[in-house]
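Down below is the structure, laid out as structure tokens.
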Amino acid sequence: MTTAVVGGSVDIAQNGYTPAASAAVEGANVVIIGGIANKLPFQLVVRKSITTAAQLKGQAIAISRYGSSTDTAVDFALEHLKLSRNDVKVLQLGAPRPVSRP
């Protein structure tokens, strides 16, 4: 969506904050005029055998892509759990495929 706004295909779009903020930092002529949420809508889902934050050390955590909102959410989750990115392996698995509409 951000690419479409920056490229001039559309004038306005409802988009995630990460791509829009990244484009603005890179010098794109975009403005963020509002947000529809004040919390990241993510949960850290783990295997049943993991019951403490310390057990996450050395484990792999999947995100959609580096620099995305899932990447940002992992940073917040790790900070809350008193862990760092050096304690885990963050794997970029790609964004979900768009749903085809007839």
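The values are calculated or read from the model by the stated rules, or taken from the named source; none is laboratory data. In this text, all values refer to a predicted model and were calculated from it rather than measured experimentally. Note: ideal-geometry Cβ built from the backbone for every residue, glycine included; neighbour counts use all protein chains shown. Areas reflect the complete protein model, heavy atoms only, side chains present, ligands, DNA and RNA absent. Shrake-Rupley method; radii C 1.70, N 1.55, O 1.52, S 1.80 Å.
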*In sequence order, calculated HN-Hα J values of segment 17-23 (Karplus, 6.51, -1.76, 1.60; Hz; x Gly/Pro)*: 6, 4, x, 5, 5, 4, 5
*Contour minus end-to-end for L83 and L40, with contour as 0.36 nm per residue of separation and end-to-end as the Cα-Cα distance?*
13.6 nm
*Go through segment 34-43 residue by residue and turn each phi into a ³J(HN,Hα) via Karplus (6.51, -1.76, 1.60, θ = phi - 60°); whole Hz please, and just put x for glycine and proline.*
x, x, 9, 8, 10, 9, 6, x, 10, 10
*Would you pull out the residues with amide H under 5 Å of N15's amide H, same chain only if 5 or more places away, H placed 1.01 Å from N?*
none
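Would you kindly calculate the translational diffusion coefficient of the chain, applying Stokes-Einstein with the Kirkwood radius from alpha carbon pairs, for 10 °C and a viscosity of 1.306 mPa s, and quote it in µm² s⁻¹ without decimals?
Stokes-Einstein gives a translational diffusion coefficient of 100 µm²/s.
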_Centroid-to-centroid separation of segment 1-22 and segment 23-89 [C-alpha atoms, Å]_ = 21 Å
_Distant-in-sequence amide H partners of A62 (H built 1.01 Å from N, under 5 Å)_ = L91
*Counting pairs of alpha carbon atoms under 8 Å apart in space and at least six apart in sequence, what relative contact order in percent does the chain give?*
23 percent
*Carbon and sulfur %, accessible surface of the chain computed with the full protein complex present, 1.4 Å*: 55 percent
*Accessible area per residue of the chain at 1.4 Å probe, in Å²?*
81 Å²
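Using the crude model of +1 on Lys and Arg Cβ and -1 on Asp and Glu Cβ, and no other charge, please compute the dipole size for the chain relative to its Cα centre, in debye to 20.
Once rounded to the nearest 20, the dipole reads 540 debye.
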